[in-house]
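Following: one structure in structure tokens, then a few remarks.
The values are calculated or read from the model by the stated rules, or taken from the named source; none is laboratory data. Only a predicted model underlies this, so the values are computations on that prediction, with no experimental measurement involved. Here the Cβ positions follow ideal geometry from the backbone for every residue, glycine too, while neighbour counts run over all protein chains shown.
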Amino acid sequence: MVNKNLNLEHTELVKDVPFEARVFLYFSIENKFGEDLTRLHENLKVWNFEHSDAKAYYSKAVERDNKTYFAVTIEFDYPTYLDEKVVNGLIEETKQNFTDFFHQKIEGIQ
């Protein structure tokens, strides 16, 4: 049985150039998928979330110890990333959207 509790481990804001910023969301689940990880990765690669102020997409998955970690990237253009309220709202919206999509995709892996 697959553990379905997807946990947000870490959020990191990176402003690497003056005209854009990225937020990395790192999720984990206390489950290893083994050979099914490749299939899950392929299923998750199609996920993206478009917003007028940003775009989000699934980046990668890795297994470590008894957990599987998932990375999601949100890209913000200038000046959107300067507005903390907008950024925080989009982070919350992205977390929910990815979590819902993730749960749909693991149904077929159980």
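For every residue, the table says whether it meets (1) of a type in the set (Lys, Arg); (2) under 10 Å from the mean Cα position of the chain (by Cα); (3) surrounded by 14 or more Cβ atoms within 10 Å (Cβ to Cβ).
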residue: LEU37; (1), (2), (3): no, no, yes
residue: HIS41; (1), (2), (3): no, no, yes
residue: HIS51; (1), (2), (3): no, no, yes
residue: TYR57; (1), (2), (3): no, yes, yes
residue: LYS60; (1), (2), (3): yes, yes, no
residue: ASP83; (1), (2), (3): no, no, no
residue: THR94; (1), (2), (3): no, yes, yes
residue: GLN104; (1), (2), (3): no, no, no
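Looking at VAL23, is it modelled with pLDDT of 90 or more, farther than 19 Å from ILE106 by Cβ, in contact with a Leu (Cβ under 8 Å, 6 or more places away or on another chain) and β-branched (Val, Ile, Thr)?
On the way: modelled with pLDDT of 90 or more: yes; farther than 19 Å from ILE106 by Cβ: yes; in contact with a Leu (Cβ under 8 Å, 6 or more places away or on another chain): yes; β-branched (Val, Ile, Thr): yes.
Yes.
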